[in-house]
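Here the structure is laid out as structure tokens; the discussion comes afterwards.
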Amino acid sequence: MIWQKYPRLVALGLTLALLVALLAFFARAASAQDLDVPQDSTIRLTLGDAMRLATQLNPQVGSARSRVAAAQSRVTQSRADLLPNLSASVVERGSTFNSAALFPIDFPAAPGSPALFDPQGSLLGPLNVLDARAHLRQAIFDPSAIGRVRGARTTVQAANADLGNQAEVAAYGAANAYLAVLRADAVYTARYADSTLAADLLSIAQDQLRAGTGVGLDVTRARSQLTGARTQLIVARNDRLRTRVELARSIGLPLVNLVLADSLTQMPVSANTTETQALTDALHNRKDLQAIGLQKVAAQQQASAIRSERLPTVDVVATQGQVGRNGRSYLPTYDWGLEFSLPIFDGFRREGRVEEQTAVARDYANRERDLRIQVEADVRIALLNLASSAEAAVASRERRQLAEQEVQQARERFQAGVAGNADVITASLTLNVARTDEVNALSSYQAARIALARARGALTTLE
């Protein structure tokens, strides 16, 4: 047996297999923990839950977080110019020399004595030297480096504002996807009610035909009505399932079973937000407006830092180490000094860089001005849509109630044998349209409500 001949090898293999299994288990556990979402399960969501999950799981938000980390690392890089720079070096050097080149003058010699060095040159060495030392440089005065650090910190603030904007965009997409699911549920409920009504009418027509009080035409009409209602129900059921998949995708969730805690017909309908307050909130809270403003400031600070490069800089430089010939004693040596540097001319490169950053700042200023106008337009349009859709929702609800009364009255006449089912079918078609209009009106109102919250920069306050 192999395990008897090679017990250590078998034990090592089993140990490695156990380690691989443990690593795979912890990797799966870490993956599930990162998602913070149970796999193959049912998740109950409110509108606020959907938006909050989107701000955490949406891939675009994750990319924005990476950009914030990159901006923070650039602050560290810029700050390095103001911190001590310490390095060490060890040099082992071996050299030989030509005496005629090393000493270009002839040394006088006593009469009758040979010259100290051959005038034609002789080989000196080898000379082996070891030099080990530490080098230190510390900036004392460097206004340009200070400006670069300030600009890098502003860039971090801009990246954080952009992260907030990406979170708002992700929440806005999730809110609209959530609303699409609510609308699909409401349409499915309406089409199911239409199918139930059509089935009841068919049953009444068949009963009357068997009793001899009805005609075959009424049965045919009822069957046609039922077939059309079932077709619409199939389409509504497909939309109901499809919109849930799209909602999970917009949030960044795996394809799990989503159960919505809200209902389109039960959500409140009221338009009581003032334009002045909405505009004030938008100009104060909109993260995209903050981000572009901070990017403009960062470009201005970078231009100022480049201009500061014309100013002198003062550094302390120092070295400390041991040097000596191999085989002999090593002696400590040092070198220190105060370095004053003043740039004079660099071929107008600095001026070109200043012009570049100034142009970038002007571009951001133009974009900020345009975005500010767009924000005001978004708020006003959302308020107009909110007010009109609220009125339309109230009117559509009243129309649906009247259509239900019409169906009830026509049905009673049909059951009494006073009229055929043509009036009932016509009334049911009117009810079908009224239910659809009500769903569309309620969806438009909630969409305007979400759009207003987005325009105000207050999506996270929605529930």
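Couple of notes before you dig in:
- Trypsin sites (Lys or Arg not before Pro) restricted to the range 236-341 and DSSP loop, no more than 13 other C-beta within 10 Å: Arg328
- Electrostatic dipole magnitude of the chain [Cβ: Lys, Arg +1; Asp, Glu -1; Cα centre; debye, to 20]: 740 debye
- Label selected from [x] 31.2; [y] 24.8; [z] 21.9, the criterion being Kirkwood radius over Cα pairs in Å as computed here: [x]
- Only Lys, Arg (+1) and Asp, Glu (-1) charged, at Cβ; the range 249-374 dipole about Cα centre in debye: 300 debye
- In the chain, taking the dipole from charged Cβ atoms about the Cα centre, the farthest positive-side position among Leu82, Leu294, Ala184 is held by Ala184.
- Relative packing of peptides 53-66, 423-436, 84-97, 158-171 - highest average C-beta neighbours within 10 Å first: 158-171, 423-436, 53-66, 84-97
- Of the residues Ser389, Tyr330, Phe340, the one whose Cα sits farthest toward the positive end of the charge dipole of the range 322-391, with +1 on the Cβ of Lys and Arg and -1 on the Cβ of Asp and Glu, is Tyr330.
- The chain: angle of helix 47-57 to the longest principal axis, Cα-based, in degrees nearest 10: 30 degrees
- Estimated at 0.36 nm per residue, the fully extended path between Gln206 and Asn326 surpasses their Cα-Cα distance by 31.5 nm.
- Relative to the dominant Cα principal axis of the chain, helix 287-307 is inclined by about 20°.
- Summing Cβ point charges (Lys, Arg +1; Asp, Glu -1) relative to the Cα centre of the range 73-179 gives a dipole of roughly 440 debye.
- Unit charges at the beta carbon, dipole of the chain: most positive-side option, Gly212, Pro143, Thr265: Gly212
- Exposure proxy ranking, count of Cβ atoms within 10 Å, fewest first, for Glu438, Glu391: Glu391, Glu438
- In the chain, Cα pairs under 8 Å separated by at least six residues give a relative contact order of 22 percent.
- Using 0.36 nm per residue and subtracting the Cα-Cα separation, the extra length available between Ser89 and Tyr334 on full extension is 86.8 nm.
- Each label point was placed 7 Å from the Cα along the Cα-to-Cβ direction; for Thr231 and Arg349 their separation is 7.5 nm.
- Degrees, to the nearest 10: 349-415 long Cα axis against longest axis of the chain: 20 degrees
- Between Asp363 and Ala419, the contour length at 0.36 nm per residue exceeds the Cα-Cα span by 12.8 nm.
- When shorter helices are ignored and each DSSP H run of at least 4 residues is given -39500 (n - 2.57), the per-residue value for the chain at 222 nm works out to -24000 deg cm²/dmol.
Here, each number is a calculation from the coordinates, and none is a lab measurement. All of these numbers come straight from a predicted model, not from anything done at the bench. Glycine gets a Cβ as well: all are built from the backbone with ideal geometry, and neighbour counts include every protein chain shown.
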